[in-house]
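Beneath this line is the structure, given in structure tokens, with notes to follow.
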Amino acid sequence: MSHQTPLGSLVPQANCLDLWRDKNDQLVRQAKVAQDLSFHLRRQQLAQDSLEGLRRLLDSLQGLPAAVPVLPLELTVICNFITLRASLAQGFTEDQAQDIHRGLERVLETQEQLGPRLECGLRGLWSSVLCASSLQPELLPVLHHLAGLQIAFWLSTDCLEDLTLLLQTLNGSQSNASEDLLMLLKTWNPPAKESNAPLTLQDAWGLRAVLLTASAYRQGLQELITGSLPRALSSLHEAASGLCSRTVLVQVYTALGTCLRKMGSPQRALLYLVAALKGGSTWGPPLMEASRLYQQLGNTAAELESLELLVEALSITHSSEISHLLIGVELLLPQPDPASLLHCGTQSQVKHLLASRCLQTGRAEDAAEHYLDLLALLLDDSEPKFFPPHCPPGPCMPEVFLEAAAALIQAGRAQDALTICEELFSRMSVLLPKMPRLWEDARKGTKESPHCPPWVSAMHLLQGQAWMRLGAQKEAISEFSRCLELLFQASPKDKEQGPASNCEQGCTSDMALQQLRAAALISRGLEWVASDQDTKALQDFLLSIQVCPGNQDASFHLLQTLRKLGRRDEATALWRRLEAQTKLPQENATWSVPLYLETCLSWIHPPDRETLLEEFRTSLLETCDL
């Protein structure tokens with residue numbers, strides 16, 4: 001049987017308890033006044049004064065031995081202190097866990113049950129407190145309030161197992177076997193506090209509503225990630241109907257739009273995205289999701305318009321929404337993850353996405369302008385850089401320059417493309433101290449040439465393409481040759497020099513390097529053809545087939561060259577192979593190359609393969625008739 005502390009020896013005079021209670025109520029009212037103020041500095045100062053007052057009051061209460069009559073007030077002060085501190089800090093810290101820990105210890109001190117349970121941590125303390133046979137009924141409302149704060153803390157730190165056990169204990173036998181967090185929260189029924197209880201900033205029922213909304217949203221996001229779309233839709237609908245600020249509601253509506261898009265309901269998805277855009281000033285995530293939706297629908301114009309609006313939205317600094325001095329849903333959500341579907345990225349990331357989509361969809365002039373804007377943005381020191389990349393891996397600085405050069409060439413601005421390549425090399429050459437000697441060593445046959453990043457080879461390939469469009473044949477061939485020298489000197493040892501940088505990972509795969517070599521050989525071969533040096537062209541086309549057997553462009557260019565040189569038997573054999581290949585079922589390529597290389601490959605693609613094969617068939621038939 002427990003022995004409670006004699007009231008006469010430890011409990012203060014009634015008027016002292018009343019003074020403490022009045023002080024708590026006065027500080028709560030002061031904090032609520034601060035909450036309604038629009039002037040930020042005054043609001044913060046008044047809230048900080050309230051927090052400091054609660055701290056001093058708590059120190060006074062805990063400076064005395066724990067006593068049952070004082071515990072409801074003491075635990076209420078702890079709850080108010082934690083609520084105000086977490087809301088001002090916009091998150092929970094370990095200090096709040098220590099405050100809860102100390103409050104539970106004080107309850108057990110009055111039960112004479114502290115002892116070895118000190119070693120059990122918060123989970124053990126909660127079990128001891130809630131299962132104590134001599135626990136006073138008047139303590140239950142405030143203990144449930146404190147438990148609500150503990151649940152909020154564990155939810156924000158992803159301690160879901162501890163959280164589940166605590167809710168099961170709070171619910172008693174009602175749902176002992178249940179592990180569904182939302183069901184446990186719905187079952188939780190905090191006891192009503194007395195009408196004359198000390199004032200609180202936020203009661204247990206208010207916390208319960210916040211916890212339900214936050215849990216439904218978190219669960220919906222997780223189900224969205226794992227592909228459980230119908231369940232995600234249900235959870236997100238529940239979150240949308242809960243206690244949400246405008247900022248959270250925008251996130252929930254955007255997630256609903258994502259879910260419905262994935263479920264094949266684009267029109268319903270669009271309705272939620274429009275609602276998200278109308279709901280607040282956080283336009284980034286819904287605009288990014290709108291661009292994905294329009295891309296899925298094949299509406300390129302609307303997709304690019306969404307991205308343009310997103311770039312503009314990210315350039316505007318919005319004043320943050322004034323948060324209430326309470327535990328809100330925002331405090332219980334996970335930190336933004338760059339890999340999340342709801343992450344819209346920085347202004348430079350979105351600008352790059354816009355530029356690359358313009359290039360991919362044949363809007364070369366727009367792409368060129370966007371890339372130039374992007375480079376100006378990235379070279380401004382005030383802009384946060386987007387390297388290392390987001391997910392999926394995005395480009396590093398050299399790759400952005402290369403894409404910009406490709407876009408400029410595609411837009412008919414070859415001279416500007418050369419300027420971009422020169423700017424790239426001047427900026428990045430500091431990272432390549434041995435570069436000035438590299439080509440000289442390669443020409444002399446140095447056995448161990450310094451490692452050269454693939455982007456340098458790609459830069460020479462694009463410079464060659466630019467010179468080719470300017471009609472400078474000699475310079476074009478020289479650049480293609482430099483590209484090939486650097487590519488063919490690369491040895492397996494280069495791949496053993498450690499992990500590739502973010503920039504190199506996209507273009508150092510075996511397939512990408514094969515395609516880069518093939519592009520340079522075919523490009524040089526086409527220049528040989530243009531200068532009537534067909535024998536040299538023949539050698540480049542043959543070599544490109546060897547280095548990249550899967551590239552049919554080289555075979556078609558080789559066919560034309562063999563035909564031009566009058567090597568009929570070889571041309572006929574090659575034509576038969578190509579004819580046979582065209583009759584086989586075509587498999588979708590599973591490899592990918594960087595965008596600048598993809599663009600370059602499109603330039604050397606024979607315009608009409610079917611027509612070429614048909615012409616050769618006709619010429620063969622005519623020869624046979626003769």
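Couplings 3J(HN,Hα) of the range 413-425, computed from phi: 10, 5, 5, 5, 5, 4, 4, 5, 5, 5, 5, 4, 5 Hz, in residue order, whole Hz [Karplus 6.51 cos²θ - 1.76 cosθ + 1.60, θ = phi - 60°; x for Gly and Pro].
Remark on the range 210-332: ratio of C-alpha radius of gyration to 2.2 N^0.38 Å is 1.06. For Trp528, neighbours were defined as the other residues whose beta-carbon sits under 11 Å from its Cβ, and their charges (Lys and Arg +1, Asp and Glu -1) total -2.
Summary value for the range 210-332: 23 percent relative contact order, contacts being C-alpha pairs under 8 angstrom separated by 6+ residues.
Taking 25 Å as R0, compute the FRET efficiency from the Cβ-Cβ separation of Leu37 and Leu243 and round it to 0.05. The value I calculate is 0.65.
How do Ile100, Ile545, Ile477 stack up against each other in accessible area, from largest to smallest, with a 1.4 angstrom probe?
My answer, sorted largest first, is Ile545, Ile477, Ile100.
Taking the range 29-85 on its own, what percent of its Cα-Cα pair distances exceed 13 Å? All intermediate terms of the calculation are to be shown ahead of the outcome.
On the way: 967 of 1596 pairs.
Result for the distance tail: 61 percent.
Largest accessible area first, the residues Thr561, Thr93 order themselves as Thr93, Thr561 under a 1.4 Å probe with ligands, DNA and RNA left out.
Going from most exposed to least, what order do Arg413, Arg567, Arg576, Arg357 have by accessible area with a 1.4 Å probe?
Output order, biggest surface exposure first: Arg576, Arg567, Arg413, Arg357.
Distance from the C-alpha centroid of the range 15-45 to that of the range 228-292: 37 Å, rounded to the whole angstrom.
The values are calculated or read from the model by the stated rules, or taken from the named source; none is laboratory data. Fair warning: this is a prediction, and the values are worked out from it, not measured in the lab. Note that each Cβ is placed from the backbone with ideal geometry, even for glycine, and that neighbours are counted across all protein chains shown. These accessible areas exclude ligands, DNA and RNA; they are computed on the full protein's heavy atoms, side chains included. Shrake-Rupley method; radii C 1.70, N 1.55, O 1.52, S 1.80 Å.
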